[in-house]
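Asks: I am attaching a structure below and will ask some questions about it afterwards.
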């Protein structure tokens, strides 16, 4: 491999890692946005006030996505350093599956070879004084406020891992479905937009029966479903070629006179 080829390969590797990081950020925002509002958001902004270091920028942050953009601009949050995500997830979100996703991402990054120094904007290698370096260096400006990031108790938005309550009819439907899905639970979970790594995490719980795994997947779905849960489950069942179970839901709902 010649030196002229190295910048191209390094840049491609960088873009690949950035793509994974962007996907992680999008998922983090999707899960955390309902929890990080109002007082919670203000407390987190206060915690990172030393990083933001601008009253104007701080006032412009209206949601968790905006806060993460600021942290990226300040080089505190980037593809190879996700400490702010872990802090917020552990202290404020406390979604076990989200934390597992962050841990898996971090472990993957640590196992990858460091990128050589390169100017990705000009797309040319930075040789010279850094020629002998084997890793890409970054200035880490992680200096949050001395006040510890608060731990917030959950409200009704709690994820299934913390025991979010569901209605009696949902419980009945989920129990019946879990008993009858068998090997189809993975397909139904995918059609319900349960993430692939979440399905893998459930599958790795070898102590759980197929019924219990199906039930966990349904709880993940319902924790993020704000409306039409019955229709969405029936559509997923039909896509998985389990129309019989879709019709069973109608029978359960009619027996309880609930729509």
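Asks: Which ordering of 178, 49, 209 is given by a fewest-first count of other beta-carbon atoms within 10 Å?
Replies: 209, 49, 178
Asks: With a ≥ b ≥ c the root eigenvalues of the C-alpha gyration tensor of segment 166-259, is it rounded (a/c under 1.5), prolate (a/b larger than b/c) or oblate? Present the calculation step by step, with values, prior to reporting the outcome.
Replies: Values: a/c = 1.59, a/b = 1.57, b/c = 1.01.
Prolate is the answer for segment 166-259, as a/c is 1.5 or above and a/b outweighs b/c.
Asks: Sort 223, 19 by Cβ crowding within 10 Å, fewest neighbours at the top.
Replies: 19, 223
Asks: Give, in nm to one decimal, the length gained when the segment between residue 111 and residue 15 is fully stretched (0.36 nm per residue of separation minus the Cα-Cα distance).
Replies: Extra length available between residue 111 and residue 15 comes to 32.8 nm.
Asks: Under the 0.36 nm per residue contour assumption, what length would be gained going from the current alpha-carbon distance of residue 254 and residue 200 to full extension?
Replies: 16.0 nm
Asks: Classify segment 8-108 as rounded, prolate or oblate from the Cα gyration tensor: take a ≥ b ≥ c as the square roots of its eigenvalues, call it rounded if a/c is under 1.5, otherwise prolate when a/b beats b/c and oblate if not.
Replies: Oblate, because a/c is 1.5 or more while a/b does not exceed b/c.
Asks: With a point put 7 Å past each Cα toward its Cβ, work out how far residue 209 is from residue 239 in nm, to one decimal.
Replies: Between residue 209 and residue 239, the simple spin-label model gives 2.8 nm.
Asks: Right, next: For a Förster distance of 30 Å, can you work out the FRET efficiency between the beta-carbons of residue 81 and residue 226, rounded to the nearest 0.05? Intermediate results must be reported in sequence, preceding the final value.
Replies: Details: r = 33 Å, r/R0 = 1.10.
The calculated FRET efficiency here is 0.35.
Asks: Cβ neighbours within 10 Å, averaged per peptide: list 185-194, 100-109 in order, most packed at the top.
Replies: The packing order, highest mean first, is 185-194, 100-109.
Asks: Which shape class applies to segment 50-93: rounded if a/c is under 1.5, otherwise prolate when a/b exceeds b/c and oblate if not, where a ≥ b ≥ c are the square roots of the Cα gyration tensor eigenvalues? Spell out each step's value before the answer.
Replies: On the way: a/c = 2.06, a/b = 1.36, b/c = 1.52.
Because a/c hits 1.5 or more and a/b fails to exceed b/c, segment 50-93 counts as oblate.
Asks: Turning to a different aspect of this structure: Arranged by the count of other C-beta atoms within 10 angstrom, fewest first, what order do 76, 169 take?
Replies: With the sparsest Cβ surroundings first, the list reads 169, 76.
Asks: Specify the inter-centroid distance of segment 209-259 and segment 70-97, based on alpha-carbon positions, in whole Å.
Replies: Value for the Cα centre distance between the two parts: 33 Å.
Taken together, the values in this text are just the output of simple stated rules run on the coordinates, not laboratory data. On a predicted model such as this, the values are computed, not experimentally measured, just so you know. Positions of Cβ are generated from backbone atoms using ideal geometry, with glycine treated the same way; all protein chains shown enter the neighbour counts.
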